[in-house]
Amino acid sequence: MTVLHNLKKTAYITAILFIVFNLNAQKSVTDVSGVYGDWTLGLSPTTVLQLKNDRTFKLNTVDYIYPRTFKKFSNEGNWIIKGKEVILNPHLKRRTPKVSINEKIIGLNDSIEIKVNHYVDYYENNKLTNTELADFETLTLYFGKKKKNIHLLRKAYIRKCAWAPRIKNQIIVDSSNTFRIAKKNFNKLGVYTYGFIEPIETDLKIEQTDYIEINISVPVDKERMPRSKKVIIKGKKAYFYEREGKVVQFWIEPLQKKFTRRVKLQ
């Protein structure tokens, strides 16, 4: 009886400590609400996020799907607190790209022909409005292992500064998006491009296939509405930017908090 009593007492104390810990970890609306931005001389050239006390938000930020355009979008919605995280529009599920392949044997002896069909599914007000066959700027493929990849581009990429990324194994493709590689043995094909959080892998089904048609569908909300977007709040810092679907808390500067009355959103 004594052992059972001690176990129950220990479990009770553990449960209380767990509840207290979670209450302390959970931030309040007052703690979180305010205006966050990457301020430069009082202005924010990239992102301003306003979290209001009524659990609504306003967000002005650059295109997160095609960031090189530097085009800015404005959105409004709702937010909730989950531990140290703020989630923008938690009721909206994130959209994910889709990849499928068609294989066949066309009689090539020492090469594999690959064709890419890159589609964009456009959504507006949460409804699919149209699908377009669109050019891609950069697309990465790998065969079997991630390290053995190739990069499809419209024109050769030349690294112009030390901070710029290196792009190896470049293949320049024209509007047909068709090219050939040396025949090799592999049973898995990986695809990655703009609009992807991480590579999508597809298994091959035909042995000795020498022709692969890759169909890619990238979902894009025209208004770039955030969908279950996580923001990590630490004090007066808001870690907003993501890499591979995860909020980055190092080497990318967080948004800094300011008083709402000092900032006017456009």
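For this structure, a couple of remarks:
- Checked across segment 97-118, the condition of being within 17 Å of E242 (Cα to Cα) and part of a strand (DSSP E or B) holds for no residue.
- Segment 233-261 - residue that is surrounded by 17 or more Cβ atoms within 10 Å (Cβ to Cβ) and hydrophobic (A, V, I, L, M, F, W, C) and, of those, farthest from F73 (Cα to Cα): I233
- Complete set of residues in segment 71-83 that are more than 10 Å from K230 (Cβ to Cβ) and not β-branched (V, I, T): K71, K72, F73, S74, N75, E76, G77, N78, W79, G83
- For segment 127-144, a residue qualifies if it is out of contact with any strand residue (DSSP E or B) (no Cβ under 7 Å at 6 or more places or on another chain) and free of Cβ contacts under 8 Å to residues at least 40 places away in the same chain, and exactly one does: K127.
Quick grid of which residues meet (1) at pLDDT 85 or above; (2) closer than 23 Å to Y66 by Cα:
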residue: I233; (1), (2): yes, no
residue: Q249; (1), (2): yes, yes
residue: I252; (1), (2): yes, yes
residue: Q266; (1), (2): no, yes
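- A single member of I80, I101 is at pLDDT 95 or above, out of contact with any helix residue (DSSP H, G or I) (no Cβ under 7 Å at 6 or more places or on another chain), exposed (fewer than 15 other Cβ atoms within 10 Å of the Cβ) and among the hydrophobic types (A, V, I, L, M, F, W, C), and it is I80.
- Among the residues of segment 187-212, those that are surrounded by 14 or more Cβ atoms within 10 Å (Cβ to Cβ) and either more than 25 Å from the chain's Cα centre (by Cα) or outside the structural domain of I114 (by TED's automatic domain parsing) (or both) comprise L204, T209, D210, Y211, I212.
- Selection count where residues are in a loop (DSSP other than H, G, I, E, B) and either at pLDDT below 80 or within 21 Å of K71 (Cα to Cα) (or both), scope segment 29-50: 8
- Pairs meeting the criteria (first residue in segment 216-231 and polar (S, T, N, Q), second residue not in a loop (DSSP other than H, G, I, E, B), beta carbons under 8 Å, at least 6 apart or on different chains) are S217/K98; S217/V99; S217/Y119; S217/V120; S217/D121; S217/T131; S228/I87; S228/L88.
- Subset of segment 145-194 (residues that are more than 19 Å from K115 (Cβ to Cβ) and hydroxyl-bearing (S, T, Y)): Y157, Y194
- Test: residue in segment 213-226 that is in the same structural domain as K104 (by TED's automatic domain parsing), over 21 Å from I65 (Cα atoms) and not basic (K, R): yes
The values are calculated or read from the model by the stated rules, or taken from the named source; none is laboratory data. Keep in mind it's a predicted model, so treat the numbers as computed, not measured. Cβ sites come from the backbone with ideal geometry, for glycine too, and all protein chains shown count toward neighbours.
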